[in-house]
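Reviewing the structure listed below.
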Amino acid sequence: MYLAILICGPIVGGLLAWLFGRVGKVWVRVWPLLFLLLDLGILVALWIKGVSPLTLGGHQFYTELSLPWIPVLGMSVHLALDGLSLALSLLTVFVGIVVIAAFWKSGRSHDPFFYFNLSLVLAGILGTFLAVDLFLFFLFWELMLVPTYFLIVAWGSEADDGRKRQAAGFKFFVFTQVSGLLMLVAILALYFIHGTSTGTYTFDLFALMGTKLSGTTSLLIMLGFLIAFAVKLPVVPFHSWLPDTYTEAPLPATIVLAGLMSKTGAYGLLRFVLPLFHDSAVRIAPVMLILGVVGIVYGAVLAFGQTDLKRLIAYTSVSHLGFVLVGIFSMNQIAQEGAILLMLSHGVATAGLFLAGGYVEERTGTRNLDSLGGLFSVVPKLGGTGIVFALIALGVPGSGNFLSEILVVVGTFQANLVLAIIASTGMVFSVIYALWIIQKSFHGPRPGETQSGAHGARVSGHTAAISLPALKDLSLFETALSVLMILVVFWLGIYPQPFLHLVAAVLQSFQGGIA
């Protein structure tokens, strides 16, 4: 029942926040945080306990929950936790705790319904990492959609009287809903083909792995899954919803979108596409490698051209997640381990970078890079953490981003030398945009500085004077939270073995995970 608690915990916490949050603003954060801490305790306990004798799909699992749901249709509540899902569930719970803790005293998002929707999104993400019944997986996949839409359109940016956030929310909804329906069609096709050939109609992943499919049929069904996962990752050219959505969404939702929801797309490729459609995945791998390399370069180049700090960070995610796609479709275990390690490191690092950007905007009233500069000398704690997260984004040695991208490139060399070389240039481009953030935000001249030391900042198209000496630096709690995230990223880079050990056996069992 541990797995049921993992998913239901955030839902119960969100419901309690919604129902009793009006008693006091603090309760809208206490309830979700308590249940996420409970989830964290369960996951750590299962990790310490180790794998059980339970074997599914060729490798051992930590625990499983299998209950009949609609037996006549072959549907079941089938949840299972292996090394891959454990690592990503730990990431989800950790980032969820950080998001709630980081905005503990913020008055911008204390609405009980806000935390109810945020909790539903976290529950949906956990469900996608645990479900091994394809129909149940689809339900959790869709569970993320509607509450995320509400978070964007109800609490997003106030720019242009809220029209921009509504447009961004609509674009997000259309992209994810249409791609999700394509995946549902693919799931049903696989379900009926397996049932017709074996006489057993089931949505169980491990039973469907043995389905006999012709080359064309396998490719067509795989594309239904692939497009859905490509939209969430996102893969160029299915990424066009991302910049506007990340920019217009409220900061807690942006962190969840970038740090967690994007990982569900990569997870789907590893958990479903490679095992179910191995031969078709091998056939399409060169195309996916090219798309991944394009994403690496494209995201890095466009990031450098941005003046909006939040939008800049959004494009860095496109670049980093391009490495994840390359690692997965290199069909090489070293590269795939690097891709998973990058998923974990990027989830924490991008959350920290967005959070640092949020602190900058909260204190200065702007995120326009042309209106910032010289913050390090005035708010050294904020400047220091922001610089460290920017250095992590460029792949400073010792960080998880550095090690994981090196693993991806090394593994990709065995698959395609030319594309590996081009992909490695993305690490060079990341240096440019990271130093651009540092120079424009924390160092360099102070644009619009007056004789009294005021700092001219552009807010909603107007110029406002911000007195830099009056800016408030990070509190002790905010500093501790940022340092904790930095330590986790460097833990992943300096001592990644516990996490690599978690996923190694899983990748070896995947037909596409064997070099």
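The values are calculated or read from the model by the stated rules, or taken from the named source; none is laboratory data. Computed from a predicted structure; not experimentally measured. Backbone-built Cβ (ideal geometry, glycine too); neighbour counts: all protein chains shown.
V146 fails exactly one of the following numbered conditions: (1) at pLDDT 95 or above; (2) over 15 Å from A228 (Cβ atoms); (3) of a type in the set (V, I, T). What is the number of that condition?
The single condition V146 does not satisfy is (1).
Confirm whether Y246 is among the aromatic types (F, W, Y) and under 24 Å from I296 (Cα atoms). It would help to see each step written out before you state the result.
On the way: among the aromatic types (F, W, Y): yes; under 24 Å from I296 (Cα atoms): yes.
Taking the combined requirement at face value, the residue satisfies it.
Can L190 be described as of a type outside the set (D, E), surrounded by 14 or more Cβ atoms within 10 Å (Cβ to Cβ), under 23 Å from K263 (Cα atoms) and within 29 Å of the chain's Cα centre (by Cα)? Let's see the steps before the verdict.
Numbers: of a type outside the set (D, E): yes; surrounded by 14 or more Cβ atoms within 10 Å (Cβ to Cβ): yes; under 23 Å from K263 (Cα atoms): no; within 29 Å of the chain's Cα centre (by Cα): yes.
Here the answer is no, as L190 does not meet what is asked.
Name the one entry in P243, P234, P252 that is within 30 Å of V98 (Cα to Cα), touching a Lys or Arg at 6+ places or on another chain (Cβ under 7 Å) and not aliphatic (A, V, I, L, M).
Values: P234 fails: touching a Lys or Arg at 6+ places or on another chain (Cβ under 7 Å); P252 fails: touching a Lys or Arg at 6+ places or on another chain (Cβ under 7 Å).
Step by step, each of P243, P234, P252 is checked, and only P243 is within 30 Å of V98 (Cα to Cα), touching a Lys or Arg at 6+ places or on another chain (Cβ under 7 Å) and not aliphatic (A, V, I, L, M).
Would you check which residues across segment 43-58 are in contact with a helix residue (DSSP H, G or I) (Cβ under 6 Å, 6 or more places away or on another chain) and either in a loop (DSSP other than H, G, I, E, B) or buried (at least 19 other Cβ atoms within 10 Å of the Cβ) (or both) and list them?
L43, G57, G58
When only residues in segment 250-304 that are under 20 Å from Q508 (Cα atoms) and aromatic (F, W, Y) count, which is surrounded by the fewest Cβ atoms within 10 Å (Cβ to Cβ)?
If we take residues in segment 250-304 being under 20 Å from Q508 (Cα atoms) and aromatic (F, W, Y), then Y267 is surrounded by the fewest Cβ atoms within 10 Å (Cβ to Cβ).
Residues checked against (1) in a strand (DSSP E or B); (2) of a type in the set (V, I, T); (3) more than 20 Å from K310 (Cβ to Cβ):
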site: L79; (1), (2), (3): yes, no, yes
site: F94; (1), (2), (3): no, no, yes
site: K105; (1), (2), (3): no, no, yes
site: Y149; (1), (2), (3): no, no, no
site: F175; (1), (2), (3): no, no, no
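Hey, any hits in segment 387-397 for a residue that's assigned to a helix (DSSP H, G or I), among the hydrophobic types (A, V, I, L, M, F, W, C), surrounded by fewer than 24 Cβ atoms within 10 Å (Cβ to Cβ) and touching a Phe, Trp or Tyr at 6+ places or on another chain (Cβ under 9 Å)? Please lay out each step first, then the result.
Taking segment 387-397 first, the residues assigned to a helix (DSSP H, G or I) are 387-393.
The next check asks that each one be among the hydrophobic types (A, V, I, L, M, F, W, C); those that pass are 387-393.
Now narrow it down to the ones that are surrounded by fewer than 24 Cβ atoms within 10 Å (Cβ to Cβ): 387-388, 391.
Then keep just the ones that are touching a Phe, Trp or Tyr at 6+ places or on another chain (Cβ under 9 Å); that gives 387.
Taking every residue of segment 387-397 in turn, at least one turns out to be assigned to a helix (DSSP H, G or I), among the hydrophobic types (A, V, I, L, M, F, W, C), surrounded by fewer than 24 Cβ atoms within 10 Å (Cβ to Cβ) and touching a Phe, Trp or Tyr at 6+ places or on another chain (Cβ under 9 Å).
Cβ contacts < 6 Å: first residue over 18 Å from L139 (Cβ atoms), restricted to segment 1-18; second residue outside any helix (DSSP H, G or I), any location; separation 6+ or different chain. Result?
The qualifying pairs are Y2/T63.
Does A464 satisfy being modelled with pLDDT of 85 or more, out of contact with any His (no Cβ under 8 Å at 6 or more places or on another chain), outside any loop (DSSP other than H, G, I, E, B) and not charged (D, E, K, R)?
The answer is no for A464.
For segment 473-499, enumerate the residues that are assigned to a helix (DSSP H, G or I) and among the small types (G, A, S).
We begin by selecting, within segment 473-499, every residue assigned to a helix (DSSP H, G or I); these are 476-494, 497-499.
Scanning segment 473-499 gives A480, S482, G493.
Which one is surrounded by the most Cβ atoms within 10 Å (Cβ to Cβ) among residues in segment 367-386 that are without any contact (Cβ under 8 Å) to a residue 60 or more places away in the chain and closer than 11 Å to S441 by Cβ?
Checked segment 367-386; the qualifying residue surrounded by the most Cβ atoms within 10 Å (Cβ to Cβ) is G386.
Check L269, L276, L321, L257 and return the single one that is in contact (Cβ under 8 Å) with a residue 24 or more places away in the chain and out of contact with any Ser or Thr (no Cβ under 9 Å at 6 or more places or on another chain). Break it down into steps so the answer makes sense when it comes.
On the way: L276 fails: out of contact with any Ser or Thr (no Cβ under 9 Å at 6 or more places or on another chain); L321 fails: out of contact with any Ser or Thr (no Cβ under 9 Å at 6 or more places or on another chain); L257 fails: out of contact with any Ser or Thr (no Cβ under 9 Å at 6 or more places or on another chain).
The unique qualifying residue is L269.
When you check V287 against the structure, is it in a helix (DSSP H, G or I) and either touching a helix residue (DSSP H, G or I) at 6+ places or on another chain (Cβ under 9 Å) or of a type in the set (V, I, T) (or both), yes or no?
Numbers: in a helix (DSSP H, G or I): yes; either touching a helix residue (DSSP H, G or I) at 6+ places or on another chain (Cβ under 9 Å) or of a type in the set (V, I, T) (or both): yes.
For V287, the condition - in a helix (DSSP H, G or I) and either touching a helix residue (DSSP H, G or I) at 6+ places or on another chain (Cβ under 9 Å) or of a type in the set (V, I, T) (or both) - is met.
If I ask for residues that are surrounded by 17 or more Cβ atoms within 10 Å (Cβ to Cβ) and part of a strand (DSSP E or B), which ones from segment 65-75 would you list? Reasoning before the result, please.
Of segment 65-75, the ones surrounded by 17 or more Cβ atoms within 10 Å (Cβ to Cβ) are 65, 74-75.
Scanning segment 65-75 gives L65, M75.
Residue-wise test of (1) farther than 28 Å from L139 by Cβ; (2) among the hydrophobic types (A, V, I, L, M, F, W, C); (3) more than 16 Å from the chain's Cα centre (by Cα).
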| site | (1), (2), (3) |
| --- | --- |
| P234 | no, no, no |
| D244 | no, no, yes |
| L257 | no, yes, no |
| K263 | no, no, no |
| P286 | yes, no, yes |
| F304 | yes, yes, yes |
| L312 | yes, yes, yes |
| S330 | yes, no, yes |
| I334 | yes, yes, yes |
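Within segment 13-54, how many residues turn out to be within 23 Å of the chain's Cα centre (by Cα) and over 23 Å from F499 (Cα atoms)?
The number of residues fulfilling the criteria is 7.
Those residues that are out of contact with any Leu (no Cβ under 9 Å at 6 or more places or on another chain) and surrounded by 24 or more Cβ atoms within 10 Å (Cβ to Cβ), I need them from segment 111-140; list them, please.
So in segment 111-140, the residues out of contact with any Leu (no Cβ under 9 Å at 6 or more places or on another chain) come out as 111, 113, 115, 139.
Scanning segment 111-140 gives a single hit, Y115.
Pick out the one residue from A349, A314, A356 that is closer than 12 Å to S404 by Cβ and crowded, with 24+ Cβ neighbours inside 10 Å.
The conditions single out A349.
Of everything in segment 193-226, what is without any contact (Cβ under 8 Å) to a residue 40 or more places away in the chain, of a type in the set (D, E, K, R) and surrounded by 14 or more Cβ atoms within 10 Å (Cβ to Cβ)? Give them in sequence order.
Result: no residue meets the conditions.
Just the residues that are surrounded by fewer than 17 Cβ atoms within 10 Å (Cβ to Cβ), in a helix (DSSP H, G or I), in contact with a Leu (Cβ under 8 Å, 6 or more places away or on another chain) and not hydroxyl-bearing (S, T, Y), please, taken from segment 1-39.
Selection gives A4, I5.
Quick one: in segment 352-384, of everything that is in a loop (DSSP other than H, G, I, E, B) and within 16 Å of E248 (Cα to Cα), which residue is nearest to the chain's Cα centre (by Cα)?
Top of the filtered list is R367.
Checking the conditions here, which among I406, I432, I437 is under 24 Å from the mean Cα position of the chain (by Cα), surrounded by fewer than 23 Cβ atoms within 10 Å (Cβ to Cβ) and modelled with pLDDT under 90?
Numbers: I406 fails: modelled with pLDDT under 90; I437 fails: surrounded by fewer than 23 Cβ atoms within 10 Å (Cβ to Cβ).
Matching residue, one of I406, I432, I437: I432.
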